[in-house]
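For reference, the structure discussed in these notes is given below.
The values are calculated or read from the model by the stated rules, or taken from the named source; none is laboratory data. Model, not experiment: these values are computed from the prediction. Don't worry about glycine lacking a Cβ; one is built from the backbone with ideal geometry, like all the others, and counts go over all protein chains shown.
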């Protein structure tokens with residue numbers, strides 16, 4: 001559809017809001033606007049050009065792994081309509097980092113984040129090699145990196161969020177980054193299910209490793225207050241039920257760190273009010289995923305309009 005003459009211009013007319021007041025300078029990058037697309041929607045970098053026509057200020061691809069993998073058996077995605085939520089247990093299904101690179105070479109003007117992970121069969125003690133492979137392959141073609149150790153759908157992955165292995169992983173990637181002529185921002189994506197004590201560790205790890213920021217948050221394994229019939233499916237829950245908790249995590253990290261690093265806020269943004277609450281809690285940028293599915297692309301423009309009202 002996007003290749004039909006005139007469609008791109010029509011989409012931009014309805015959904016893109018260009019205004020210099022929406023620009024944000026965060027971890028050294030200039031974002032056209034603060035509303036991005038979260039990882040998981042364009043895993044293999046097949047649609048980032050088309051998706052940018054809906055008004056996103058940036059697109060995060062992935063999660064990518066060194067080798068392509070099928071992910072978990074289907075059925076693995078469940079829409080919880082009455083809860084305005086989604087449960088997924090995709091399991092890092094992707095066709096491998098090198099295949100994504102082939103398409104990223106033709107990127108023109110879309111600010112891209114590269115979300116990287118490890119293959120399912122890679123043991124945690126060997127995870128660094130997988131992250132390094134993805135980091136090196138993507139480095140010339142993305143603007144920032146996201147280290148994903150918080151998906152609940154790859155066995156034992158969340159164990160990498162523990163202080164010792166996470167410090168080692170981030171320190172090694174930071175060292176590799178420092179060897180590049182122009183280092184790129186490295187962010188950590190965390191789970192909403194961490195305790196305050198674990199969040200304290202995250203703040204200390206960021207201080208110790210000097211990475212550039214945090215994405216808060218990934219999906220949750222909790223199911224409190226759901227009413228949909230498929231609420232007990234195994235996997236990560238995203239959408240409206242996550243809104244309050246992800247905002248709480250943003251606010252806690254922002255206060256605990258005294259705003260010492262940028263936070264990209266994601267989780268349950270289905271309205272302008274949801275977005276503004278995350279900005280007020282301390283987020284510098286936003287990402288949507290499930291809200292984009294339920295509310296449509298008009299949500300992006302609505303959020304940006306509200307931000308403009310605040311700045312006028």
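At a glance:
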quantity	calculated
Which numbered condition residue 48 misses (of (1) over 20 Å from residue 17 (Cβ atoms); (2) out of contact with any helix residue (DSSP H, G or I) (no Cβ under 7 Å at 6 or more places or on another chain))	(1)
Selection count, the range 152-180, where residues are in a helix (DSSP H, G or I), touching a residue at least 12 places away in the same chain (Cβ under 8 Å) and farther than 18 Å from residue 220 by Cβ	13
Condition check for residue 105: touching a residue at least 24 places away in the same chain (Cβ under 8 Å) and either touching a strand residue (DSSP E or B) at 6+ places or on another chain (Cβ under 9 Å) or farther than 30 Å from residue 243 by Cβ (or both)	yes
Pairs with Cβ under 9 Å, 6+ apart, first in the range 108-125 and on the phi > 0 side of the Ramachandran plot and at pLDDT 95 or above, second surrounded by fewer than 21 Cβ atoms within 10 Å (Cβ to Cβ) and assigned to a loop (DSSP other than H, G, I, E, B)	none
Subset of the range 275-294 [surrounded by fewer than 24 Cβ atoms within 10 Å (Cβ to Cβ) and either part of a helix (DSSP H, G or I) or without any contact (Cβ under 8 Å) to a residue 24 or more places away in the chain (or both)]	276, 277, 279, 280, 281, 292, 293, 294
When residues of the range 194-224 are limited to those that are assigned to a loop (DSSP other than H, G, I, E, B) and without any contact (Cβ under 8 Å) to a residue 40 or more places away in the chain, the one farthest from the chain's Cα centre (by Cα)	224
Odd one out for residue 48 among (1) surrounded by fewer than 18 Cβ atoms within 10 Å (Cβ to Cβ); (2) closer than 30 Å to residue 155 by Cα; (3) touching a strand residue (DSSP E or B) at 6+ places or on another chain (Cβ under 8 Å)	(1)
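Here's the yes/no breakdown for (1) in contact with a helix residue (DSSP H, G or I) (Cβ under 6 Å, 6 or more places away or on another chain); (2) over 19 Å from residue 61 (Cα atoms); (3) modelled with pLDDT under 95:
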{"residue": "257", "(1), (2), (3)": "yes, yes, no"}
{"residue": "289", "(1), (2), (3)": "no, no, no"}
{"residue": "295", "(1), (2), (3)": "no, yes, no"}
{"residue": "302", "(1), (2), (3)": "yes, yes, no"}
{"residue": "306", "(1), (2), (3)": "yes, yes, no"}
